[in-house]
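*Asks:* Let me give you the structure first, and then I'll get to my questions.
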Amino acid sequence: MSIQETRLQDSTSSAAVSVWEEISSGSQKYWRPSDFPHLPTAAVLQTLSRLCRAGQLERVSKGIYYLPHQTRFGRSRPSPAEVQQLSTPQNLLPAGVTAANLLGFTTQNSISGEYATSANSFPLKIAGHRVRIHTRRPAAWHNLLPMDAALLDFLRSRGRLSELTPSETKQKLLAYFQEGCRFERLMEVIATEPPRVRAMVGAIGQEISQQDRNLEVIRQSLNPVSKFDFGILSNLQYAQEWQAK
């Protein structure tokens, strides 16, 4: 072995020791090559790959590694809350039963949660295999606030997850749409929603006396001969005017 090869091997070994010492003694669970800027990149990548093969780390996505710890139920998994804190291009927002629970329409919730993302996919190794994720929501969802996304998702499901009476569901829904500037915020993304959601938002907007210009924008986006299934939200005062079946 040449002197140059010996030095390279020593450098890689030293980097491997440094990487593992930082990981094992640190408090964070997720690691990226960029967490080791003081070490040679090639050596860091090689070490992270070796630690995965040895079962000491899990590769959860490209360039993201997870350090599990042993619990009485087995190896730990990332929680949905931790998932949302990851600096990945995807953004997880409440959907389905998680959205309905957040809004107070149901007391039920899934163990790991139900979420939506505008991304085409989301690494299940990050979220956990029991998490239900709806992908390919409109790109506009990427910047939605969680409560706003939950409301749109609730409308997408026609309110079917509500445990409240139709009257209670309607009143609670109207109250949410009257909060602050929520209606104006949702107007910024309404064009990307399915026609039935646009129609429901129009009916809600008319019932809470929203500005005519907003309602006209929504009305012009709808096919005037179409009929939409409002589900339990067919009790909205102006549902028929907004083409409810």
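None of the figures in this text is laboratory data; all of them are computed from the coordinates on show. Remember, it's a predicted structure, so these values are computed and weren't measured experimentally. Positions of Cβ are generated from backbone atoms using ideal geometry, with glycine treated the same way; all protein chains shown enter the neighbour counts.
*Asks:* Return the long-range amide H neighbours of Val60 (sequence gap of 5 or more, or a different chain), with a cut-off of under 5 Å between placed amide H atoms.
*Replies:* Tyr65, Tyr66
*Asks:* Can you compute 3J(HN,Hα) from phi for each residue in region 192-207, using the Karplus curve 6.51 cos²θ - 1.76 cosθ + 1.60 with θ = phi - 60°, rounded to whole Hz and x for Gly and Pro?
*Replies:* Coupling constants for region 192-207: 8, 8, x, x, 5, 5, 4, 5, 5, 5, x, 5, 5, x, 5, 5 Hz.
*Asks:* With θ taken as phi - 60° and the coefficients 6.51, -1.76 and 1.60, list the Karplus ³J(HN,Hα) couplings across region 104-110 in order, rounded to whole Hz; mark glycine and proline as x.
*Replies:* My calculation for region 104-110 gives x, 8, 8, 8, 6, 7, 7 Hz in order.
*Asks:* For Asn235, what charge total do you get from the other residues with a beta carbon under 11 Å from its beta carbon, if Lys and Arg give +1 and Asp and Glu give -1?
*Replies:* Around Asn235, the charge tally is -1.
*Asks:* Which far-off residues, 5 or more places away or on another chain, put their amide H under 5 Å from the one on Ala116, with H placed in the peptide plane?
*Replies:* Leu93, Ala95, His134
*Asks:* If you don't mind, there's one more thing I want to ask. Tell me which residues come under 5 Å, amide H to amide H, from Thr106 once H is placed; ignore anything under 5 positions away on its chain.
*Replies:* Close amide H contacts, sequence-distant or interchain: Asn101, Glu163.
*Asks:* Cα gyration tensor of region 80-242, axes a ≥ b ≥ c as square roots of the eigenvalues: rounded (a/c below 1.5), prolate (a/b > b/c) or oblate?
*Replies:* Cα axes put region 80-242 in the prolate bin.
*Asks:* Which shape class, rounded, prolate or oblate, goes with region 146-190 when its Cα gyration tensor gives a ≥ b ≥ c as root eigenvalues, a/c under 1.5 marks rounded, and past that a/b bigger than b/c marks prolate?
*Replies:* Here region 146-190 falls in the oblate category.
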